[in-house]
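Values quoted throughout were computed directly from the atomic coordinates according to the rules given, and no laboratory measurement underlies them. All figures in this text were calculated on a predicted structure; none of them were measured in a lab. Cβ placement follows ideal geometry from the backbone for every residue including glycine, while neighbour counts extend to all protein chains displayed.
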Protein chains: 2
Amino acid sequence: MSRGLVVTDVTVTPIAVQDPPLLNSVGVHQPYALRSVVEVHTDAGITGIAEAYGDDPTLDRLRRAAAVLPGLDVFDVHGLAQRVAVGLGEVVADTPTVLIGYASVAKTVAATVAAFEVALFDAQGKATGRRVCDLLGGAVREAVPFSAYLFYKWAGHPGLEPDEFGEALDPDGIVRQAKWLVDRYGFGSIKLKGGVFPPDEEIAAIRELRAEFPDHPLRLDPNANWTVQTSLRVAAELAGVLEYLEDPTDGIADMARVAAGTGLPLATNMCVTSFADVPPAVEQGAVQIILGDHHFWGGFRACQKLAGICETFGLGMSMHSNTHLGLSLAAMTHLAAATPHLTYACDTHSPWQTEDIIEAGVLSFVDGAVPVPDGPGLGVTLDRDAVARLHEQWRRCGIRARDDIAAMRVRHPDWTGGRPRF
Amino acid sequence: MSRGLVVTDVTVTPIAVQDPPLLNSVGVHQPYALRSVVEVHTDAGITGIAEAYGDDPTLDRLRRAAAVLPGLDVFDVHGLAQRVAVGLGEVVADTPTVLIGYASVAKTVAATVAAFEVALFDAQGKATGRRVCDLLGGAVREAVPFSAYLFYKWAGHPGLEPDEFGEALDPDGIVRQAKWLVDRYGFGSIKLKGGVFPPDEEIAAIRELRAEFPDHPLRLDPNANWTVQTSLRVAAELAGVLEYLEDPTDGIADMARVAAGTGLPLATNMCVTSFADVPPAVEQGAVQIILGDHHFWGGFRACQKLAGICETFGLGMSMHSNTHLGLSLAAMTHLAAATPHLTYACDTHSPWQTEDIIEAGVLSFVDGAVPVPDGPGLGVTLDRDAVARLHEQWRRCGIRARDDIAAMRVRHPDWTGGRPRF
């Protein structure tokens, strides 16, 4: 049965956006981050849009899947998953960054499904005059709280001018950065991307943040750059200070060892990143909070499924972020608005992006939260000139996959990115 | 934000339908079964409909919740849950039958939410020209397989004429019944409601069914009327014969003891009937299959959440049925159509109902499966004359709550309904 709103054509446009030199456990952000714009056109003249990863393997998968989507009913999310599986055929496990855990075939397929599912929901909303959050069950919050995402960073990329954000390589720099983010955006909680410097330096940064922001919940995320022993030592020092400690160490088994030795809640977007990871994590008590992300869990419905699991098994939920633009922020905001079991403020890289692909004025941070856009679908509109410009930037930038290790080697030729370093 | 499709008024109409004397572990069906018709009217002139339980405590809750629904956006399923919780205020744990497990506050609230959620989805579908299964993610099957639901039964209710279905009190009667159901409806699997006679008689019935239907999957459901010891003995005898054994004994702990002693898969709609039951059941390995039921799990989305949990934790899924009419059958069919992780044919009491509240011709069994109705929403229409007639029947029948024990006492005055009897 068709109700006259079926996919006719799909466009995938890779883009590159300027990105500051943010440091993490494996290296440093490259001067450009890759994303893509997915447009799903329908026979009703309605086009659904979404933002996805933009590395070459992702682009290849998006295009292979796109080829089998014509004829799909935009409401048929289950049919989408079936078509994507068929369209992809043999799938090589792959992830756009090791910072979201190990690659798996399931995750790789899920990321492809997600890109189109978001666009389908946008089209559904435009066709029915409904917001995506309404189609996801209704907004339980009309503004979605995000946390200030602090990064150690260089003043600028090697060989380039310093950027507008300034250097942050010690506790003072981190506190300065936090003040800027909290003053400008009103964030009510703070997360520090750690795993960059020896743990004692990062503990010192957390303590200075605590002194400066006595009421802000604080999080620390060393991206699995610590041993179990280091994790336990830091957890002992920061219990009662942190809201949660995110991925101190690698893998469910070692996370469970840390969890067994501390009362500090552990969060993850690295050891539980697909549904197959959930049962062993639950059985071993490895984590107390899972960070969902529609980009790699498989879309909105997959994240709501994850939220249902977390609610049922007594786990908390937050939302993970990779570098993203406003189109993904809109998607994250609708999803978070329509997810009752979201127990912590979400992560976002938004403040670090100086370029965007959506028309300005719809999305903004008010007291650290993004009000849900009011228009149908995702409620945001592509800025076609910006997309063209960022696509041209993609054409010229020469980067085709995220490689934080290579970016670090520009300054430190012997850098391996091997973990755990501490 | 309102898009102009909000609830203005709700009607709850209790009805009573003739019901044959079907036997089970606690007693026998009364001459009338109670249901209710829920109509959610909107400011757009669209009315969403649903079928719910019809006992007095349920009616009271439906009406208390209905009073706070005006103003609710029909897409706001999350808002529905919040309003129902407020509208109900203090809730006394209660269930329309002990055959769906113990009462709990969560289940009681969920059943109230479910009735309205189904009606909201029907209204959403009518407003958007979409089938409910489309709004639930799309149909992964266009016809939903059901199983033949066999019951031991008397020829007629005490003091009344024999009914059209005939007596079934021994293996021959059960096989005769199965032939009628399979011939008439084309069912591809068979379930026997057991727990009525000593286990050896029911084992004999299963063996005769196996001889008569060598290729039909068979299930046996004694509704927790056996001890662990009896359960293990029957499981040993019927391993390799049954597709699954449903609720042989009572409670998660004892079901886990049975599960530990047999390779025969165990199913339940009694020991896992709310989300709070899931973690202990998973941890103890108590069951391999959960029978969802939108009527008491909390609606469509709650059942999809349950399906996501079952899929993630390696559990099978089927669908439970209480006595219901065509409006519930339509809802069950849409839900099952839009639930990828449904691994067994669903239960239905449909063949046992001689009266209905929907216009004929839309729902039918073809080769044991119900094709998904093609119209918007649930795709079925209330037969107003029938609703009026069955409401009048409710007014006159004098039954206000299901009581299979009392019905049994008409013939067996010393009947207690106590379990386990075997």
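Given the peptides B:282-290, B:318-326, arrange them by the average over their residues of other C-beta atoms within 10 Å, most packed first.
B:318-326, B:282-290
On a full-extension model of 0.36 nm per residue, what is the gain between B:ALA401 and B:GLU90, subtracting their alpha-carbon distance, rounded to one decimal in nm?
Full extension from B:ALA401 to B:GLU90 adds 109.9 nm.
Set the Förster distance to 30 Å, then compute FRET efficiency between A:ASP60 and B:ASP374 from the Cβ-Cβ distance, nearest 0.05.
It comes to 0.20.
About its Cα centre, what dipole magnitude does chain B give when the only charges are +1 on Lys and Arg Cβ and -1 on Asp and Glu Cβ, stated in debye to the nearest 20?
In debye, rounded to 20, chain B gives about 560.
For chain A, what is Rg from Cα atoms divided by 2.2 N^0.38 Å, rounded to two decimals?
Taking the Cα Rg and dividing by 2.2 N^0.38 Å, one obtains 0.93.
From the label point of A:GLY71, set 7 Å from Cα along Cα→Cβ, how far away are the matching label points in the other copies, in nm, ordered shortest to longest?
When each copy's label point is compared with this one, the spacings are 4.9 nm.
Could you work out which residue, out of A:VAL26, A:VAL234, A:VAL380, moves most in a Gaussian network model of chain A, that is, has the largest mean-square fluctuation with Cα springs under 10 Å?
A:VAL234
The range B:23-124: which chymotrypsin sites (Phe, Trp or Tyr not before Pro) are DSSP loop and have at most 16 other beta-carbon atoms within 10 angstrom?
B:TYR102
What shape does the range B:210-357 have by the C-alpha gyration tensor, where a ≥ b ≥ c are the square roots of the eigenvalues, rounded means a/c under 1.5, and otherwise prolate means a/b greater than b/c and oblate the rest?
Judged from the Cα gyration tensor, the range B:210-357 comes out oblate (a/c at least 1.5, b/c at or above a/b).
When a/c is below 1.5 the answer is rounded, else prolate if a/b is larger than b/c, else oblate, so apply that to the range A:346-413 with a ≥ b ≥ c taken from the square roots of the Cα gyration tensor eigenvalues.
Judged from the Cα gyration tensor, the range A:346-413 comes out oblate (a/c at least 1.5, b/c at or above a/b).
Mind checking the full-extension length gain between B:ASP385 and B:LEU160? Use 0.36 nm per residue of separation minus the Cα-Cα distance, one decimal, nm.
Value of the extension gain: 78.4 nm.
Based on alpha-carbon centroids, what's the gap between the range B:82-139 and the range A:376-393 in Å, whole number please?
40
Between A:VAL366 and A:THR354, what is the label-to-label distance in nm when each label sits 7 Å out along the Cα-to-Cβ direction?
Taking the simple label geometry, A:VAL366 and A:THR354 are separated by 2.9 nm.
Among A:LEU390, B:LEU22, which comes first, then next, by fewest other beta-carbon atoms within 10 Å?
Ordered from fewest to most neighbouring Cβ atoms within 10 Å, A:LEU390, B:LEU22 come out as B:LEU22, A:LEU390.
Compute the Cα gyration tensor for the range B:148-292, then decide on rounded, prolate or oblate, letting a ≥ b ≥ c be the square roots of its eigenvalues: rounded whenever a/c is under 1.5, prolate when a/b is larger than b/c in the other cases, and oblate in all that remain.
Note, shape of the range B:148-292 comes out prolate.
Provide an ascending nm list, one decimal, of label-point separations from B:ASP383 to the equivalent residue in each further copy; define each label point as 7 Å from Cα along Cα→Cβ.
6.1
So which helices of chain A fit the span-like rule, where a helix is a whole DSSP H run, its Cα atoms reach 27 Å or more along the axis, and its mean Kyte-Doolittle is at least -0.5?
Membrane-span-like by this criterion, though nothing is claimed about a membrane: A:105-128.
Using a Gaussian network for chain A with springs between C-alpha atoms less than 10 Å apart, which of these wobbles most: A:THR230, A:THR312, A:THR339?
Between A:THR230, A:THR312, A:THR339, it is A:THR312 that shows the largest mean-square fluctuation.
For the protein assembly as shown, take the convex hull of the Cα atoms, compute a quarter of its surface area, and give me that in nm², please.
The Cα convex hull of the protein assembly as shown, projected and averaged over all directions, gives 34.7 nm².
With contacts defined as alpha carbon pairs under 8 Å and 6 or more residues apart, what's the relative contact order of the range A:1-154 in percent?
Over the range A:1-154, the number comes to 25 percent.
Name the residue, out of A:THR128, A:THR58, A:THR47, whose mean-square fluctuation peaks in a Gaussian network model built on chain A with Cα pairs under 10 Å.
Per the Cα network of chain A with a 10 Å cutoff, A:THR128 tops the list.
Report the calculated FRET efficiency for A:ALA253 and A:THR416 (r = Cβ-Cβ distance, R0 = 22 Å), to the nearest 0.05.
0.40
For a quick check of your reading of the filter: which GluC sites (Glu not before Pro) in the range B:86-156 sit in a DSSP loop and have no more than 15 other Cβ atoms within 10 Å?
Sparse-neighbourhood loop GluC sites (Glu not before Pro): B:GLU90, B:GLU142.
Evaluate peptide A:79-85: per residue, the Cβ atoms of other protein chains within 10 Å of its Cβ; return the mean as an integer.
What the average comes to for A:79-85 is 2.
I need the inter-copy label distances for A:PRO280: point set 7 Å along Cα to C-beta, values in nm with one decimal, smallest first.
Here A:PRO280 shows inter-copy label distances of 2.9 nm.
Using only Cα atoms, locate the centre of the range A:275-297 and the centre of the range B:250-288, then give the distance between them in Å, rounded to an integer.
Answer, in whole Å: 23.
For each pair in A:LYS107/A:LYS193; B:LYS107/B:LYS191; B:LYS126/B:LYS179; A:LYS179/B:LYS305, compute the distance between the two Cα atoms and list the pairs where it is over 31 Å.
Checking Cα-Cα distances, B:LYS126/B:LYS179; A:LYS179/B:LYS305 exceed 31 Å.
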